[in-house]
Each structure stands twice: as structure tokens, then as C-alpha cells.
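Below is one structure, written out as C-alpha cells; comments come after it.
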Amino acid sequence: MSKTSHTPRVFSGVQPSGAMHLGNYLGALKKFAILQHEHECLYCIVDLHAITVWQDPTVLKQQTREIAAAYLASGVDPKKAIIYPQSNVRAHTELAWYFNCVARTGWVNRMTQFKDKAGKNTERASVGLYTYPVLQAADILAFKATHVPVGEDQKQHLELSRDIAQKFNNDFNVPDFFPLPEALTQGPGARVMSLRDGTAKMSKSDPSDNSRINLTDNADIIVKKFKKAKTDMGVMPAPGEDLSERPEVDNLISIYSALSEMNRKQVVAQFEGQGFGVFKPALADLAVEKLAPITLLMSRYLSDPDEIDRILLAGAEKAAEISEPIMRDVRKIIGFLGA
Ligand code: TYM
């Protein structure tokens, strides 16, 4: 992590809007557990972001607990890191409004994720979906967080968060009030692609379940999905070989690398010239070895929802203690009466 004049603080979030998959795990969760040993960390379950598209209320509650269980099962320790639901801490919505007044529509219009999610008919998308990245900036800056572990798809949103922080500091002449948060996207798991199409991101919303490995998939399903994963007529590449025309193979090598902690060079060297009949089962075995304990722990945590709720509510109190003094300063800076 690079140095800033602010005390380092880590913030990240996951939406409770569908099953967690390998991309979420490698791009975000795996880093959460590592960072908690060195830094103050807040890991939010961003239910306010989830409702930018329709969520069934009962399902939303269940999925919020599932994300909490996934955090815990991947090693996030509530004694070390704060985990909580976004909707339970008021600072998120309050600061999001102030930032709606700081951010320019031109900036938000450039966000590619809105275009992807809204599809062709943007007029039917919720206003919340449009201002989604502004709320994301508020999430991070309500805690003056300096570092944000995320997958590569969030880079543009992090750029916007920096622009909003900078403009707030300039507009109100409070240089350095908000830090300019930095995305932590290093590592081979930052952009996990679909198993059916190496040019598309692995995603919760892909209609094909075979395109992703869900954290709830059992060993048999994981093996089957890797067996079916798209490859090509070739064999495993030699070191230095250009894989730009073989995105599926490139992706499987990245996944192996991220799961094994070997770098890509080492993975390529180990499997050079082998057929996919050798590589795919090796990858499936590795995925099962790494994911099965997480899946098992997740279901154990989920068998005691009251305990999850206790952890989340205690986390929300701690988060509010950090954000409240920051919000008091923000209200004063903006010039609200009585602040
Ligand atoms: P969400 O719920 O879509 O994804 C959660 C995390 O998983 C990462 N991710 C991936 N990483 C690698 N490969 C993939 N195929 C892949 N798919 C998803 C995402 O980059 C993310 O880190 N906008 C955020 C949620 C959010 C947030 C925040 C994150 C709201 N406020 C503040 C950080 C800080 C999102 O869409 O998450």
C-alpha cells in the first residue's frame, strides 16, 4: 500500500444481490482477510447499492447474511475488522446526498457500469442506479478510507471517488480533508473472466450458471464446470507465448495462479505443452481444495443467523462511531446551521 498523509484505513463492499462467485472471492474477499492483519478495515455489505435494482425484501435479508457468512468464512475476523450492513449506518446516505451536489453529471455520464447495467433502455433504470457510484464514493469517504481492495471492474468508480474527494476539498477550501482513495487491484485474480467466454467478466448476472464458480457450488459441480470450461484446440502455452487470441486459456491460467499463489510464469512452466485434459482436472482439484473449506464454513455460519445478525449490528455501531465525527466536520464545512 502506498503512503498518504492520512492514517491508512481500508474500506470495501460487496452487494447482496446474488450468489458470490470465484471472481468476488479472488478479486476482493481473499484480500480482505489478508489486509485485516495490518490495517484498520471496514467491510460493508452494500444493501443500499443492491436496491438500485429490484430486490425481494425477504431475499435481500437472506443474501445480506450470506455475504456476511462469506466474509467470515474467507477469514475475516470480526474482532479485527468491522463488518456491517450499509443501511445500518446513516453516514452513507447523508454523505451521498452531499456528494450528489459535488459530482458533475458529466462525470457520472461516463460510468461504463451504469451503461452495462441499465442496458439500452436507460430511461427505465432507477435514479439510484445512475448515482450508484456517488454512493460508493460516500461509502469510502465517510470513513476517510485510503485504500480499497476491489476487482479491476471497480477502477473507474474509484477514479470518480478521487475526483469527488478532490473537488470537495477544493470547493470548500479544505485541502487534504478527504484522502484520495486508492484501489488495490493487484494480483492475478483482479479480473476473473467467464468460463464460457474469456472476453466477458465472471458475473452474478450472467444467465449461464456454467459461466461461473459459485462459492456455494459443491466439489462435483466445480469439477463439471471446469470440465465444460471453454478452451481451444491447442495445448497449454509455452513461456512467453502471446495469449491475446486465447482469452479463455489466459483466464484459466490466471485463476490457477490466483488460487495457488504461484505466479503466472510458474504456472505456464509447470503445464507447458500439456493438454487441457491434464490442466483442467488439476485446476478443478485446486479450486475444490481452496473453496470447499469456505463453502463448509459458510453453511455453518448460516445455520446460526442470530449470531450473524449480532456480529453485523455490533459492527454497524463501531462503524458509526468512526463516521459520526467525520460527518460532524462535513456538516460544519458545508455551512449547515447548528452543525
Ligand atoms: P460487487 O458486489 O459487484 O462485487 C464485489 C467485489 O467483487 C469484485 N469482482 C470481481 N473481481 C474479479 N473478477 C471478477 N469477475 C469480479 N466480479 C466482481 C468487484 O470488483 C468487487 O470488489 N460497486 C461494488 C460494491 C461497492 C464498493 C463500495 C466496493 C459499493 N461501495 C465501496 C468498494 C468500496 C460492486 O459492484 O461490488
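Here, each number is a calculation from the coordinates, and none is a lab measurement. What you see is a predicted model, and the numbers here were worked out from it, not measured in a lab. Cβ placement follows ideal geometry from the backbone for every residue including glycine, while neighbour counts extend to all protein chains displayed.
Each residue in the stretch 44-74 was checked for being within 15 Å of LEU302 (Cα to Cα) and in contact (Cβ under 8 Å) with a residue 24 or more places away in the chain, and 13 pass. Checking each residue in the stretch 153-177 for being away from the ligand (no atom under 14 Å from the Cβ) and buried (at least 17 other Cβ atoms within 10 Å of the Cβ) picks out PHE168, ASN169, PHE177.
Residue under question is VAL235, and the condition is that it be over 20 Å from the mean Cα position of the chain (by Cα) and assigned to a loop (DSSP other than H, G, I, E, B); does it hold? Spelling it out, VAL235 is indeed over 20 Å from the mean Cα position of the chain (by Cα) and assigned to a loop (DSSP other than H, G, I, E, B). Scanning the stretch 286-339 for residues that are among the hydroxyl-bearing types (Ser, Thr, Tyr) and either assigned to a helix (DSSP H, G or I) or surrounded by 16 or more Cβ atoms within 10 Å (Cβ to Cβ) (or both) returns THR295, SER299, TYR301, SER323. Take the residues in the stretch 61-70 that are buried (at least 18 other Cβ atoms within 10 Å of the Cβ) and away from the ligand (no atom under 11 Å from the Cβ); name whichever of them is farthest from GLU123 (Cα to Cα). Ranking the qualifying residues of the stretch 61-70, first place goes to ALA69. Taken over the stretch 107-147, the criterion of being among the hydroxyl-bearing types (Ser, Thr, Tyr) and either surrounded by 13 or more Cβ atoms within 10 Å (Cβ to Cβ) or under 16 Å from the mean Cα position of the chain (by Cα) (or both) is satisfied by SER126, TYR130, THR131, TYR132, THR146. Considering only the stretch 1-47, state which residues are β-branched (Val, Ile, Thr), more than 7 Å from the ligand (Cβ to nearest atom) and not in a helix (DSSP H, G or I). Within the stretch 1-47, THR4, THR7, VAL10, ILE45 qualify.
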